[in-house]
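S.K.: I am attaching a structure below and will ask some questions about it afterwards.
The values are calculated or read from the model by the stated rules, or taken from the named source; none is laboratory data. Computed from a prediction, not measured in an experiment: that's the story for all the values here. Here the Cβ is made from the backbone with ideal geometry for all residues, glycine too, and neighbour counts use every protein chain on show. Just the protein is used for accessible areas: all its heavy atoms, side chains included, with ligands, DNA and RNA removed. Shrake-Rupley method; radii C 1.70, N 1.55, O 1.52, S 1.80 Å.
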Amino acid sequence: MKKTRAAWPVVVPFACAAAVHAQPAPQLGKAPLAEVVAAMTAEEKARLLVGMGMKLDFEGAPPIDPEDAKVPEKVPGAAGRTHAIPRLGIPSLTLSDGPAGVRIAPRRPGDERSYHATGFPVATLLASTWDTKLLEEVGAAFGAEAAEYGVDVLLAPALNIQRNPLGGRNFEYYSEDPLVSGKMAAAFVRGVQAKGVGTSPKHFAVNNQEFNRMQSNSVLGERALREIYLRGFEIAVKESAPWTVMSSYNLVNGTYTSQSRDLLTTILREEWGYGGLVMSDWFSGNDVVAQVAAGNDLIMPGMPLQTSALAAAGGTTSRRDLDRSVERALALVAQSPTFKGRAYYDQPDLWGHAQVARRAAADGLVLLKNAGSTLPLAPARQVALFGNASYQLFAGGTGSGDVNKKHVVSLQEGLAAAGYAVDPGLKDAYLKHVAEQRAKNPQPMWFMPLPPIPEMTVAPDVLAAQAARAHLAVVTLGRSSGEFGDRKLEDDFALTAVERDLLRDVAAAFHAKGKKVVVVLNVGGVVEVASWRDQVDAILLAWLPGQEGGHAVADVLRGSVSPSGRLATTFPVRYEDVSSAKNFPGRELPGAKPLVENPFAGKPAEVVYEEGLYVGYRYHDTFDVAPAYEFGYGLTYSDFTFGPPRLSAPSLAEEVKVSVAVTNAGQVPCRAVPQLYVGAPAGKLDRPRSELKAFAKTRLLPPGETEEVTFTLRPSDLAAFDPARSSWVVEPGAYELRVGASSRDIKGTARLDVPSERVVAKAHRALAPQAPIRELRPSKR
């Protein structure tokens with residue numbers, strides 16, 4: 001059924017407004033914004049800036065606002081709504097999660113239809129494609145689906161830095177590197193907003209752990225803040241103009257981000273030129289007046305006490321802050337699908353979007369090992385398929401990043417569709433085990449993850465029989481991740497004892513028969529691989545590949561898609577090799593007064609980012625700490641050669657072009673991912689040994705074909721932030737440009753001279769730490 005604004009009278013201007021007011025009220029879209037603001041009462045302004053609450057989806061949960069709860073939801077299951085002001089022509093907007101698909105309720109009372117959404121691959125996998133054009137296409141599918149369900153703003157993408165492998169929401173985030181994060185986010189935003197739906201890049205900023213996230217203070221230096229944790233957001237804001245930005249839960253250097261004028265006004269708006277709206281994360285901060293004064297315009301999900309506090313805020317400054325935020329909120333409403341009366345039909349192209357999800361998943365799978373050309377598999381093979389996750393795929397994470405999907409294709413189903421046979425007895429045993437273990441677990445509370453299901457123990461006689469019958473073994477190791485908690489070192493980052501035994505026993509049985517063993521990693525984050533990788537012949541990293549994951553993995557295993565994914569995060573040999581291992585996720589502050597009165601808000605805590613700039617490969621490469629698999633790494637079914645890098649000029653003026661010829665020297669059509677790293681000369685500012693400054697993904701190159709790839713470098717790409725001068729500075733000297741297939745697989749170098757110092761941009765001194773921080777420095781190794 002066609003649905004338009006007329007189907008929802010609560011969000012439509014009432015024609016009888018003139019009967020209430022002597023003069024007709026100015027209408028949004030017909031009168032200047034300033035006139036609409038001037039016509040609003042203090043209560044109306046406050047209601048526009050404070051959301052309508054949300055329905056807490058667990059038994060016995062009371063409504064946040066009983067009156068607002070009476071208003072029918074336009075999109076049941078959406079994350080939040082804004083208040084309508086009918087007399088001024090201001091409708092209510094609908095905001096929906098999420099980062100892996102449109103999160104709405106799949107069922108509606110009194111309605112036999114289902115309202116499922118496509119479960120796309122998680123952001124970590126999408127970043128592993130290194131393909132911004134594909135991210136734009138994925139974003140367009142998200143946007144089309146959101147629009148078709150009547151959603152105005154999609155609460156995505158999430159682009160916090162993957163600072164530590166144990167971060168609970170790393171699966172929602174793109175990378176450990178700000179350039180990859182920012183470029184991927186910008187492409188995704190452009191795709192979504194091309195469909196007329198808004199986005200909300202989040203969580204701004206330095207929200208890199210779930211540990212006491214609503215009362216945790218992230219303490220870090222200005223360089224790390226600017227160069228690592230804000231840089232991705234800056235790229236996304238400048239290259240895609242998102243309609244909104246979402247502030248984060250945590251404090252940064254002593255101030256809640258949603259109450260930080262330094263962050264939301266000085267940096268975001270004055271330095272970066274952002275002109276959109278800022279909204280809070282749900283239930284964040286502790287002072288609604290301070291939030292609006294800082295530049296956090298929309299308070300979500302909203303509570304009556306916050307509305308009252310804003311309406312009562314006195315003083316010229318408070319009123320000016322209020323009016324400024326109201327104008328931004330009105331501008332958001334005016335460009336929304338709801339305000340424009342866009343029809344929606346609740347009939348998204350789920351089949352077409354599933355094909356986009358499958359292709360994106362296959363392009364983001366990373367081949368970590370392929371000894372003796374184990375892969376691709378020969379056709380029509382008998383496969384011994386081990387591991388719970390082979391039959392119950394982890395498609396995505398939990399929490400607000402989850403999606404109510406219509407189906408999930410398991411690896412067993414994907415292999416069967418690709419013509420591979422799986423022993424039915426082994427399949428039945430695993431499905432029975434999973435069902436029995438799941439029945440033992442209580443249903444989790446709202447947004448909480450399911451407890452992990454213990455891996456099934458496989459008897460020796462079963463292993464022997466499978467090794468005798470099957471052509472090879474595939475073992476899938478699975479684990480999810482989610483909101484509200486960080487991952488654990490034992491039995492999560494590291495394999496469980498049963499998983500270690502399973503790998504050992506399967507490898508022994510199959511290798512004794514001269515047969516290969518393949519491991520598929522169906523994981524929400526980085527896992528330890530160094531202790532067991534030599535036992536197996538091939539390792540394929542599938543991340544959380546979305547609802548079509550089983551098909552995508554089968555596509556790569558059989559070779560219909562040659563793997564072209566590359567790691568956007570480092571796999572360490574040991575957890576102790578991670579630069580933040582000693583201070584993640586932080587520490588609680590005993591005796592500290594709670595900052596918020598919320599039983600779900602955790603305790604006051606602090607995390608000091610002592611590693612400074614040295615996150616991920618920046619640490620490993622600078623301090624010579626060997627990784628298990630480095631940033632940018634990934635194998636293919638072909639081989640590529642790189643020509644020498646050629647510069648358009650020997651020294652830097654306004655820009656320099658760096659060109660390289662990439663040739664498919666193998667026998668299989670495939671895509672390469674050339675990466676440009678820069679090493680800075682020694683100067684006043686410490687710099688990592690190597691930093692990614694540009695990347696590209698070639699087209700599908702047939703054997704023998706060459707593609708010329710050209711990167712552009714500008715002074716801003718080489719600049720570092722100098723806190724002493726609050727400036728972005730390019731220091732003079734010889735810069736080494738390194739073109740390679742990963743951060744450590746460098747194929748060619750070139751020298752670029754900077755004759756004299758360049759001050760690229762002046763900045764404000766903002767969000768400086770309250771006390772000196774002992775940060776990691778190369779000279780203090």
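S.K.: Any residue in the stretch 344-357 that is under 23 Å from Asp555 (Cα atoms) sitting within a Cβ distance under 7 Å of a residue that is open to solvent by 50 Å² or more (accessible area, probe 1.4 Å) and polar (S, T, N, Q)? List the pairs, counting only those 6 or more apart or interchain.
M.R.: Short answer, once both residue conditions are applied: none.
S.K.: Right, next: Would you be able to say whether some residue in the stretch 741-751 is surrounded by 13 or more Cβ atoms within 10 Å (Cβ to Cβ) and over 30 Å from Thr698 (Cα atoms)?
M.R.: no
S.K.: Additional query: Confirm whether Val561 is at pLDDT 95 or above, part of a helix (DSSP H, G or I), out of contact with any His (no Cβ under 9 Å at 6 or more places or on another chain) and among the β-branched types (Val, Ile, Thr). Even if it seems obvious, please write down each step before you answer.
M.R.: Details: at pLDDT 95 or above: yes; part of a helix (DSSP H, G or I): no; out of contact with any His (no Cβ under 9 Å at 6 or more places or on another chain): yes; among the β-branched types (Val, Ile, Thr): yes.
Against the criterion (at pLDDT 95 or above, part of a helix (DSSP H, G or I), out of contact with any His (no Cβ under 9 Å at 6 or more places or on another chain) and among the β-branched types (Val, Ile, Thr)), Val561 does not qualify.
S.K.: Go through the stretch 107-118 and give me each residue that's closer than 24 Å to Gly524 by Cα and out of contact with any Asp or Glu (no Cβ under 8 Å at 6 or more places or on another chain).
M.R.: His116
S.K.: Quick test for you: out of Ala542, Ala552, Ala470, pick the one residue that is small (Gly, Ala, Ser), farther than 30 Å from Thr132 by Cβ and either surrounded by 21 or more Cβ atoms within 10 Å (Cβ to Cβ) or over 22 Å from the mean Cα position of the chain (by Cα) (or both).
M.R.: After applying the criteria, what remains is Ala470.
S.K.: In the stretch 485-494, which residue that is in contact with a Phe, Trp or Tyr (Cβ under 7 Å, 6 or more places away or on another chain) and not basic (Lys, Arg) is most open to solvent (accessible area, probe 1.4 Å)?
M.R.: Here the answer is Leu489.
S.K.: Would you mind stating whether Arg213 is out of contact with any strand residue (DSSP E or B) (no Cβ under 6 Å at 6 or more places or on another chain), closer than 18 Å to Asp402 by Cβ and open to solvent by 10 Å² or more (accessible area, probe 1.4 Å)?
M.R.: Against the criterion (out of contact with any strand residue (DSSP E or B) (no Cβ under 6 Å at 6 or more places or on another chain), closer than 18 Å to Asp402 by Cβ and open to solvent by 10 Å² or more (accessible area, probe 1.4 Å)), Arg213 qualifies.
S.K.: Counting just the residues of the stretch 374-399 that are open to solvent by less than 10 Å² (accessible area, probe 1.4 Å) and not hydrophobic (A, V, I, L, M, F, W, C), which one comes out nearest to Ala554 (Cα to Cα)?
M.R.: Ser390
S.K.: What helices (runs of 4 or more DSSP H) lie completely within the stretch 218-336 and have 1 or more residues being among the aliphatic types (A, V, I, L, M) and under 26 Å from Asp717 (Cα atoms)?
M.R.: Details: elements: 231-240, 288-294, 304-312, 316-334.
Correct list: 231-240.
S.K.: Looking at Ala661, Ala649, Ala605, Ala665 in this structure, which one is closer than 23 Å to Ser373 by Cα, in contact with a strand residue (DSSP E or B) (Cβ under 7 Å, 6 or more places away or on another chain) and among the hydrophobic types (A, V, I, L, M, F, W, C)?
M.R.: Ala665
S.K.: Going by what's in this entry, would Glu145 be described as closer than 30 Å to Ala334 by Cβ, of a type in the set (Asp, Glu) and buried (at least 24 other Cβ atoms within 10 Å of the Cβ)?
M.R.: yes
S.K.: Another one. Among the residues that make up the stretch 545-556, is at least one of them farther than 30 Å from His471 by Cα and in contact with a Phe, Trp or Tyr (Cβ under 6 Å, 6 or more places away or on another chain)?
M.R.: no
S.K.: Being in contact with a strand residue (DSSP E or B) (Cβ under 8 Å, 6 or more places away or on another chain), closer than 18 Å to Gln335 by Cβ, of a type outside the set (Ser, Thr, Tyr) and assigned to a helix (DSSP H, G or I), is that true of even one residue in the stretch 179-192?
M.R.: yes
S.K.: Give me the residue from the stretch 762-775 that is open to solvent by less than 80 Å² (accessible area, probe 1.4 Å) and touching a residue at least 60 places away in the same chain (Cβ under 8 Å) and, out of that set, nearest to Ser579 (Cα to Cα). Steps first, answer last, please.
M.R.: Within the stretch 762-775, the first condition is being open to solvent by less than 80 Å² (accessible area, probe 1.4 Å), and the residues that meet it are 763, 766-769, 771, 773, 775.
Okay, now just the ones that are also touching a residue at least 60 places away in the same chain (Cβ under 8 Å), so 763, 766-769, 773, 775.
On the way: Ala763: 28, Ala766: 25, Leu767: 23, Ala768: 22, Pro769: 20, Ile773: 15, Glu775: 11 Å.
Checking each candidate, the answer is Glu775.
S.K.: Determine whether Val403 is among the β-branched types (Val, Ile, Thr), surrounded by 16 or more Cβ atoms within 10 Å (Cβ to Cβ) and modelled with pLDDT under 95.
M.R.: Yes, satisfied.
S.K.: If you don't mind, there's one more thing I want to ask. With at pLDDT 95 or above, over 20 Å from the mean Cα position of the chain (by Cα), of a type outside the set (Phe, Trp, Tyr) and over 27 Å from Glu172 (Cβ atoms) as the only criterion, which of Ala435, Ala418 stands out?
M.R.: Exactly one of Ala435, Ala418 is at pLDDT 95 or above, over 20 Å from the mean Cα position of the chain (by Cα), of a type outside the set (Phe, Trp, Tyr) and over 27 Å from Glu172 (Cβ atoms), namely Ala418.
S.K.: Then there's this: Tally the residues that are surrounded by fewer than 17 Cβ atoms within 10 Å (Cβ to Cβ) and either among the charged types (D, E, K, R) or on the phi > 0 side of the Ramachandran plot (or both), restricting the search to the stretch 292-326.
M.R.: Residues meeting the conditions: 5.
S.K.: In this structure, does Phe233 turn out to be open to solvent by 10 Å² or more (accessible area, probe 1.4 Å) and of a type in the set (Phe, Trp, Tyr)?
M.R.: no
S.K.: Which residues, taken from the stretch 569-593, are in a helix (DSSP H, G or I) and touching a residue at least 60 places away in the same chain (Cβ under 8 Å)?
M.R.: Tyr575
S.K.: May I pose another question? Any residue at all in the stretch 408-430 that is of a type in the set (Asp, Glu), farther than 30 Å from Leu135 by Cα, open to solvent by 10 Å² or more (accessible area, probe 1.4 Å) and in contact with a helix residue (DSSP H, G or I) (Cβ under 9 Å, 6 or more places away or on another chain)?
M.R.: Yes, that holds for at least one residue.
S.K.: Looking only at the stretch 699-728, which residues are among the β-branched types (Val, Ile, Thr) and surrounded by 21 or more Cβ atoms within 10 Å (Cβ to Cβ)?
M.R.: Residue satisfying the conditions is Val709 alone.
S.K.: Quick check: is even one residue across the stretch 496-504 assigned to a helix (DSSP H, G or I), open to solvent by 50 Å² or more (accessible area, probe 1.4 Å) and under 15 Å from Leu367 (Cα atoms)?
M.R.: Within the stretch 496-504 (the criterion being assigned to a helix (DSSP H, G or I), open to solvent by 50 Å² or more (accessible area, probe 1.4 Å) and under 15 Å from Leu367 (Cα atoms)), the answer is no, since none of the residues qualifies.
S.K.: For the stretch 155-177, give me each residue that is touching a Leu at 6+ places or on another chain (Cβ under 8 Å) and not in a loop (DSSP other than H, G, I, E, B). Show your work before the answer.
M.R.: Let us first name the residues in the stretch 155-177 that are touching a Leu at 6+ places or on another chain (Cβ under 8 Å), namely 155, 166, 171, 173-174, 177.
Hit for the stretch 155-177 is Phe171, nothing else.
S.K.: Hey, among Gly53, Gly150, Gly110, which residue is in contact (Cβ under 8 Å) with a residue 24 or more places away in the chain, surrounded by fewer than 24 Cβ atoms within 10 Å (Cβ to Cβ) and more than 18 Å from the chain's Cα centre (by Cα)?
M.R.: Just one listed residue meets the conditions, Gly53.
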